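Working notes for the structure below.
The values are calculated or read from the model by the stated rules, or taken from the named source; none is laboratory data. Only a predicted model underlies this, so the values are computations on that prediction, with no experimental measurement involved. Because the Cβ atoms are built from the backbone with ideal geometry, glycine has one as well, and the counts that use them run over all protein chains shown.
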Amino acid sequence: MRSLTRTLVFAMAAAMLLPLASLAEVPFPDIPKGKGDQCVAPTDVIRQTHMDLLVHKRDQTMHLGIRTKQYSLRECLNCHVQAKPDGTYPDIDSKEHFCNACHSYAAVKIDCFQCHVARPDDPK
Amino acid sequence: MSSNNDSKRSRRTFLKGTAAVATGLALAPGVRLLGVAQAKADDEAVTGAVRWGLLIDTAKCSDCDVCVEACHAENGVKDQGDPETTPQWIRKLMAKDKMTGHVVTLPMMCQHCEHPPCVDVCPTGASFRRADGIVLVDRHICIGCRYCMMACPYKARSFEHVDVTDQAPHAPRGKGTVESCTMCVHRVDKGREPACVEACNSTGQGAMVFGDLKDSTSSISMALAEHGGKQIRADLGLNTGVRYRGI
């Protein structure tokens, strides 16, 4: 009886792990290359804290009028969103867009671009 | 001008003069000092040492709408086809005195009150007054309740009813939030004039003056001191930043 229970538990655990195994097969996104050699902070810092940096900068700009370039959403786009060969910029919903490439992989929805335009300052 | 103001002014003039010499600028008479004297550094926070204001001379303002066109082009406000829902950051009004037949036209927009009713009623703190007197909506925290639109005596605010695409990079706008004249805050922070004022003075009637109400030597303060300027609905005691002449 006891061994049957153990077998059952193992079977259930295996069944639960199956979807996880298939998740691991989602390929790491192909992150579009930006302009220049170096981001405004090391990549691992940016990956972990970009949302906090952006919110902090957002409040400073909105309420205090501080318009420095570091950690500004517009400057992220200016470097990281580059024109496609046909001269157009990738749509925010496509995986070619720098922000969406990771965000669709991580399944984290962003609403920045309901208001902000998702392309660099100077079109063309 | 009182002697007290004279002494203040001479000190300011002296300081401005030394700044101009230090940067090697030769200022011709009539050249605006806005760009040189009042542009703040990008990393500098705005302070209450300045208060931005507008003076509109209705005697010069005529039947044209370059200010409206310029504002909406600058901030990416487009006609949505339905006049009931298309946002208006600025609009032209016409007022006629029925007895005399005298007609006045003027641009109406956010009056950038010192005591703004929209800020009083906002339940989230999205509607706020910046230290330099510019009244804004922080659309990151606006929930679109439109209480501010009800409270504003000037009907200056609009609600964005539809999805917005292809916004101007400096003027983010989106569905479900309230918006209004920002006094072109992105330009003011860079030491430039609002788009309406620039357009009015270049291709319009030259009826608008922009400047610092707290600086007694600014062109707006001098014009106000000389000719005066009225607030619309002065009875409400809001101390508006936008003043009108000839109404």
Return the residue satisfying two criteria in turn: it lies in region A:56-113 and is part of a loop (DSSP other than H, G, I, E, B) and small (Gly, Ala, Ser), and of such residues it is surrounded by the most Cβ atoms within 10 Å (Cβ to Cβ).
A:GLY65
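To keep it simple, each residue is scored yes or no on (1) modelled with pLDDT of 95 or more; (2) assigned by TED's automatic domain parsing to the domain that holds B:THR177; (3) under 21 Å from B:HIS161 (Cα atoms).
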{"position": "B:LYS78", "(1), (2), (3)": "no, yes, yes"}
{"position": "B:LYS92", "(1), (2), (3)": "yes, yes, no"}
{"position": "B:PRO107", "(1), (2), (3)": "yes, yes, no"}
{"position": "B:HIS112", "(1), (2), (3)": "yes, yes, no"}
{"position": "B:THR124", "(1), (2), (3)": "yes, yes, yes"}
{"position": "B:SER127", "(1), (2), (3)": "yes, yes, yes"}
{"position": "B:ALA131", "(1), (2), (3)": "yes, yes, no"}
{"position": "B:LEU136", "(1), (2), (3)": "yes, yes, yes"}
{"position": "B:ARG139", "(1), (2), (3)": "yes, yes, yes"}
All but one of (1) over 24 Å from B:VAL46 (Cβ atoms); (2) not in a strand (DSSP E or B) hold for B:ALA95; which doesn't?
(2)
Does any residue in region B:124-136 that is facing chain A (nearest Cβ under 8 Å) come within less than 7 Å, Cβ to Cβ, of a residue that is among the basic types (Lys, Arg) six or more places away or on a different chain, and which pairs are these?
B:ASP132/B:ARG51; B:LEU136/B:ARG130
In this structure, is B:ARG51 at pLDDT 95 or above, among the charged types (D, E, K, R), under 19 Å from B:GLY191 (Cα atoms) and under 26 Å from the mean Cα position of the chain (by Cα)?
yes
Need at least 2 residues that are within 14 Å of chain A (Cβ to nearest Cβ) and touching a residue at least 24 places away in the same chain (Cβ under 8 Å) per element, so show me which helices (runs of 4 or more DSSP H) inside region B:143-231 make the cut, counting only ones lying wholly within it.
B:185-188
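Yes/no matrix, rows are residues, columns are (1) in contact with a Ser or Thr (Cβ under 6 Å, 6 or more places away or on another chain); (2) more than 10 Å from chain B (Cβ to nearest Cβ); (3) under 22 Å from B:GLY174 (Cβ atoms); (4) modelled with pLDDT under 95:
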residue: A:GLY34; (1), (2), (3), (4): no, yes, no, yes
residue: A:THR49; (1), (2), (3), (4): no, yes, no, no
residue: A:HIS63; (1), (2), (3), (4): no, no, yes, no
residue: A:GLN70; (1), (2), (3), (4): no, no, no, yes
residue: A:GLN82; (1), (2), (3), (4): no, yes, no, yes
residue: A:GLY87; (1), (2), (3), (4): no, yes, no, yes
Residues (crowded, with 21+ Cβ neighbours inside 10 Å and among the polar types (S, T, N, Q)) located in region B:168-221
B:THR177, B:SER180, B:THR182, B:SER218
